[in-house]
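**Student:** So that we are looking at the same thing, I have put the structure below in structure tokens.
The values are calculated or read from the model by the stated rules, or taken from the named source; none is laboratory data. Model, not experiment: these values are computed from the prediction. Glycine also receives a Cβ, built like all others from the backbone with ideal geometry; neighbour counts cover every protein chain displayed. Areas reflect the complete protein model, heavy atoms only, side chains present, ligands, DNA and RNA absent. Shrake-Rupley method; radii C 1.70, N 1.55, O 1.52, S 1.80 Å.
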Amino acid sequence: MTSTKRISRPIRRNRGAAAVALAAATALLAGCNSSDSKGDDPLSDSKASGDGVVVGSNNFAESILLADIYGEALKAKGIKVSYKPNIGSRETTYGLLKNGSISVLPEYNGALLAYLDPKATPKTVAATTSAIEAKLDSKLTLLQPSPAQDKDSVTLNAATAKKYNLTDKSSIADLKDIAKDLVIGASPEFQTRQQGLVGLKDVYGLEFKSFKALDAGGPLTKAALKKNTVQAADIFTTDATISKEKHVVLQDPKNLFGFENVQPLVYKSALPQKGADALNAVSAKLDTATLLDLGAQVQLQGKDPLDVAQAWLKSAGLD
């Protein structure tokens, strides 16, 4: 993923008061339940004592949930874990990783690469990892990427998908003959970006009826899609609204929207091999549909992210 809007992904996640409240509430739950040490100042540069591993998270709900999954998977292998949740932007978390204040962080490979090398244009997940490793601080390393991705998409509301017999197995290319009848909504910059209307035309040959400038996958876009003011929209692929409203996310076989695989970023000397193996096992079983479901349990059903993390790890045989 090379779009510049991905450089500060956590900031993009905190769009609007609702998103801020959600992240804060989820962080509070995580702080109260996931570990006795989660009340520590997340911006403290103190290092973990002994052989403990410090799992950090950025300041949005999904990152906090992923941190709980990582932490509980490590605990299951007998590793001492403490947490620094809800830290903030990538600029902050990357610095804390480099100085060893945190040991493990859930990352998104495309967003991380855009931060490290905005001009990179990898064509595969493996190439994305290689490009990141070429730019990473020497004290850091990436573990295996998961199939789970949280990225931009072309998403249809349920009524539109039903009208044109499209499912979550359908492709963006399947809109070629019907895009002329659809209004698409997204952030204003989506209209002029390659990873937007420009690319949808160049890569998939789509020309929509019209474009409605809204916000970056936020409440305006989601409300417009629900009300059918727009029939298609740029919604992030693990947004809980997708399952709640039965929206249909179209496949992107030509990778117009790049790669945003969830991938652990690690301070090398802080994580033993059995810890790396545990997190790689998590990545092997974490796909987009699973992450969407887990996020919905936290964001829509109000479940404690720690409980959600533990239940999934048990169901996946990773506890």
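**Student:** In the stretch 76-190, carbon and sulfur make up what percent of the accessible area (probe 1.4 Å)?
**Tutor:** Details: 2300 of 4570 Å².
On the stretch 76-190, the fraction of accessible area on carbon and sulfur atoms equals 50 percent.
**Student:** Among rounded, prolate and oblate, which fits the stretch 280-319 when a ≥ b ≥ c are the square roots of the eigenvalues of its C-alpha gyration tensor, a/c under 1.5 means rounded, and a/b larger than b/c means prolate? Kindly include the intermediate steps, with their values, before the conclusion.
**Tutor:** Values: a/c = 2.85, a/b = 1.47, b/c = 1.94.
Verdict is oblate for the stretch 280-319.
**Student:** Rounded, prolate or oblate: which fits the stretch 50-163 when a ≥ b ≥ c are the square roots of the eigenvalues of the alpha-carbon gyration tensor, with rounded for a/c under 1.5 and prolate only if a/b beats b/c? Spell out each step's value before the answer.
**Tutor:** On the way: a/c = 2.08, a/b = 1.37, b/c = 1.52.
Because a/c hits 1.5 or more and a/b fails to exceed b/c, the stretch 50-163 counts as oblate.
**Student:** Using the structure shown, select from Lys162/Lys244; Lys222/Lys303; Lys123/Lys163; Lys244/Lys274 the pairs with a Cα to Cα distance greater than 28 angstrom.
**Tutor:** Details: Lys162/Lys244 16 Å; Lys222/Lys303 22 Å; Lys123/Lys163 34 Å; Lys244/Lys274 38 Å.
Checking Cα-Cα distances, Lys123/Lys163; Lys244/Lys274 exceed 28 Å.
**Student:** When the Karplus curve 6.51 cos²θ - 1.76 cosθ + 1.60 is applied with θ = phi - 60°, which whole-Hz ³J(HN,Hα) does each residue of the stretch 222-239 get, with x for Gly and Pro?
**Tutor:** 5, 5, 5, 5, 5, 7, 6, 5, 10, 9, 9, 7, 8, 10, 6, 5, 10, 5
**Student:** Sticking with this one: Hey, can you grab everything whose amide H is under 5 Å from the amide H of Lys84? Only 5+ residues off in sequence or another chain; H modelled, so Pro and N-termini drop out.
**Tutor:** HN-HN under 5 Å from Lys84: Val55, Gly56, Ser57.
**Student:** Using 0.36 nm per residue of separation minus the Cα-Cα distance, give me the extension gain between Ala213 and Lys246 in nm, one decimal. Can you show the working numbers first?
**Tutor:** Values: separation 33, 0.36 × 33 = 11.88 nm, distance 2.28 nm.
Going from the current span to full extension adds 9.6 nm.
**Student:** Can you work out ³J(HN,Hα) from phi for every residue in the stretch 143-152, in order, using Karplus 6.51 cos²θ - 1.76 cosθ + 1.60 and θ = phi - 60°, giving whole Hz and x for Gly and Pro?
**Tutor:** After applying 6.51 cos²θ - 1.76 cosθ + 1.60, I find 8, 5, x, 8, x, 5, 10, 10, 9, 4 Hz.
**Student:** I would also like to ask the following. Compute the FRET efficiency between Lys268 and Ala127 as 1/(1 + (r/R0)^6), taking r as their Cβ-Cβ distance and R0 = 35 Å, and round to the nearest 0.05. Mind showing how you got there, number by number?
**Tutor:** Details: r = 22 Å, r/R0 = 0.63.
In this case the efficiency is close to 0.95.
**Student:** Put a dot 7 Å past each Cα toward the Cβ at Thr141 and Lys119; how far apart are the dots in nm?
**Tutor:** The modelled label-to-label distance comes out at 2.9 nm.
**Student:** Amide H of Gln251 versus every other amide H placed in the peptide plane: which residues, excluding those fewer than 5 positions away on the same chain, fall under 5 Å?
**Tutor:** Ser170, Ser171, Ile172
**Student:** Follow-up question, since we're still on this one. Arranged from highest to lowest average of other beta-carbon atoms within 10 Å per residue, in what order do the peptides 127-138, 258-269 appear?
**Tutor:** Details: 127-138: 16.1, 258-269: 22.5.
Order by mean packing, descending: 258-269, 127-138.
**Student:** Quick one: Cα centre-to-centre distance for the stretch 217-279 and the stretch 127-153, in angstrom?
**Tutor:** First find each Cα centre; the distance between them is then 16 Å.
**Student:** While we're on this one: Report ³J(HN,Hα) in whole Hz for each residue of the stretch 196-213, in order, from the Karplus equation J = 6.51 cos²θ - 1.76 cosθ + 1.60 where θ = phi - 60°; Gly and Pro get x.
**Tutor:** 3J(HN,Hα) across the stretch 196-213, in whole Hz: x, 4, 4, x, 4, 7, 5, 8, 10, x, 9, 10, 7, 4, 6, 10, 10, 6.
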